[in-house]
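The values are calculated or read from the model by the stated rules, or taken from the named source; none is laboratory data. Keep in mind that this is a model prediction, so the values were computed, not measured. Glycine gets a Cβ as well: all are built from the backbone with ideal geometry, and neighbour counts include every protein chain shown. Each accessible area value is taken on the protein alone, full model and side chains, heavy atoms only, with ligands, DNA and RNA left out. Shrake-Rupley method; radii C 1.70, N 1.55, O 1.52, S 1.80 Å.
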Amino acid sequence: MTLLIRGGTVVTHDTTFCADVLCEDGTIIAVGPDLDAPADAEIVDAKGQYVMPGGIDPHTHMQMPFMGATASEDFYTGTAAALAGGTTMIIDFVIPNPGQSLIEAYRTWRGWAEKAAADYSFHVAVTWWADSVAEEMGTLVREYGVNSFKHFMAYKNALMATDDILVESFTRCLELGAVPNVHAENGDLVAHLQQKLLAQGITGPEAHPLSRPPQVEGEAAGRAIRIAGTLGAPVYLVHVSTKDALDEITTARASGQVVFGEVLAGHLLLDDSVYQNEDWATAAAYVMSPPFRPKGHQEALWNGLRSGNLQTTATDHCCFCAEQKAMGRDDFTKIPNGTAGVEDRMALLWDAGVNAGKLSMQEFVAVTSTNTAKIFNLYPRKGAVSVGSDADLVVWDPHGKRNLSAKTHHQNIDFNIFEGLEVTGIPRHTISRGKLVWSDGELRAESGAGRYVDRPPYPGLYDSLRKRNELATPKAVVR
Ligand code: URQ
Ligand code: ZN
Ligand code: ZN
């Protein structure tokens, strides 16, 4: 199965050049001018368009059981929608219940993901602690290709990892060469503020952001960063939504600490006015955590991306339809948290980033694909346009237009948080493992075509950290 992408301009995270790209059996086998291809090769005309690494979304929750509901998007529909938007790989989350075997939960999620149409991998959440958790983390790293573990500092009495668990798990991650991820919100403060608002009779979606003000994220971000710094471990903060948390990251990175930050397309473009909507269902549709923030935070987050203090973009794609959101009709704390975006991320980042002069094309590639591949040890298999890389590519039409809407999106949810936004710059063709799966508006996603992608522990990052830790280890005084 040979496919030739002809006449395009290749854009990577660090360079731009005119070249054809030849793919065979799912791998890129040649990149260069005027390439020949066998007579039966499929040809994609990329004249006047950019050929870039397919997007990687490091933060999705397909068919996640959460807050008494199951996310409406499953691994097939969600990855098909991703392909329609130029994203060719997702990293989703295995989320064991407290007390549940991590490996048992991993097997459950692997079963759900077999129907995926694009490649996928999993972070595994640590929602409780025991010696068996430490052991299973080792097995997941050594035998199941997991190199990142998630810690929810929010969601008290549900998924929340208390500080003692962070200390144990970050230490274990360091031993294993795995990256600890955190959802940084102070779950105790949220629970307190939620009860306070309900007691005041404020039960609608407008209470959601009031129960999780920016400092609730800033405090938790600082705490996670200091715990990791004290242990000598790296830490990756998911969905950074505030200047408060970004400032913690910026300070830590300036001191040489290994801290990574991820930002969602939603937090870059939307603000908390969405919760003031008169219509309950519309306001509830925007309930996700961390919430969309007051004006001002968005610009700070864009500057975080431009300065390199935030490295990746994601969507936290976690879909709940109107009747699911209505579970919280009388109590906002019962509205299932989550919003969609996996299909729109790339076009939004291009339109609001590149067209607006906030990101260069190379920076766009870095923050939508390559940086994620590097942090989670997928590069250059993923996130690259190089010989030997997986043929996961997007042919980008910088002049094409799309009106983002629930009426036309492929996401399995009845709402689009970017409804009505017109973007310029869209994926004309998406190639997944060398197959043309999205072409001129025609989606050819195939259930089960996606593969699980192993992510080995990251020796490079950890060798340097270990050396730093050894050097920093205090020596016993010989008396
Ligand atoms: O917190 C998360 O990332 C999961 C539970 C999705 N929901 C959300 O509101 N972000
Ligand atoms: Zn989260
Ligand atoms: Zn999430």
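From the P(r) of region 179-329, could you give the percentage of C-alpha pairs in the tail past 24 Å?
Percentage above 24 Å: 33.
What Kirkwood hydrodynamic radius, in Å, does region 299-396 give when the mean of 1/r is taken over all pairs of distinct Cα atoms and then inverted?
Here the Kirkwood hydrodynamic radius works out to 15.5 Å.
How much accessible area per residue does region 55-131 have, in Å², with a 1.4 Å probe?
On a per-residue basis, 25 Å².
At each listed q (0.10, 0.13, 0.21 Å⁻¹), what is the log10 of I(q)/I(0) that the Debye formula gives for region 38-153 modelled as equal alpha-carbon point scatterers?
Calculated log10 I(q)/I(0) at the listed q: -0.38, -0.58, -1.17.
Taking a cut-off of 16 Å between Cα atoms, list the lysines near Lys374, but don't count ones fewer than 8 places away on the same chain.
Lys382
Given 20 °C and 1.002 mPa s, compute D for region 345-457 with the Stokes-Einstein relation, Rh being the Kirkwood radius over Cα pairs; round to the nearest whole µm²/s.
Taking Rh from Cα pairs, D becomes 138 µm²/s.
Per the Kirkwood treatment, what hydrodynamic radius in Å, one decimal, follows for region 162-247 from the mean inverse distance over all distinct Cα pairs?
Across region 162-247, the inverse of the average 1/r is 13.9 Å.
Give me the Kirkwood hydrodynamic radius of the chain, using the inverse of the mean 1/r over all pairs of distinct Cα atoms, in Å to one decimal.
So the Kirkwood estimate lands at 22.5 Å.
Semi-axes of the equivalent ellipsoid of region 176-217: what are they in whole Å, largest first, if each equals the square root of 5 times a C-alpha gyration tensor eigenvalue?
Listed largest to smallest, the semi-axes of region 176-217 are 28, 9, 8 Å.
Give me the percent of accessible area attributable to carbon and sulfur for the chain, probe 1.4 angstrom.
After summing per-atom areas, the C and S share lands at 51 percent.
Dividing the Cα radius of gyration by the Kirkwood radius, what Rg/Rh value follows for region 72-132?
1.06
When the Cα atoms of region 227-268 are enclosed in a convex hull and the volume is divided per residue, what value in Å³ results?
62 Å³
With the other protein chains left in place, how much accessible area per residue, in square angstrom, belongs to region 370-426 at a 1.4 angstrom probe?
37 Å²
Using each residue's phi in region 101-113, evaluate 6.51 cos²θ - 1.76 cosθ + 1.60 at θ = phi - 60° and report the 3J(HN,Hα) Karplus result to the nearest Hz, with x for Gly and Pro.
4, 5, 6, 5, 5, 4, 5, 4, 5, 4, x, 5, 7
Would you mind checking the pairs Lys150/Lys243; Lys196/Lys325; Lys358/Lys467 and listing those with alpha carbons more than 29 angstrom apart?
Pairs exceeding the cut-off: Lys358/Lys467.
Would you mind listing how long region 119-178 runs along its three principal axes, going by Cα atoms, in whole Å with the largest first?
Over region 119-178, Cα extents along the principal axes are 30, 27, 17 Å.
Quickly rank 250-263, 25-38 as a protection proxy: mean count of other C-beta atoms within 10 Å, highest first.
The densest-packed peptide leads the list: 250-263, 25-38.
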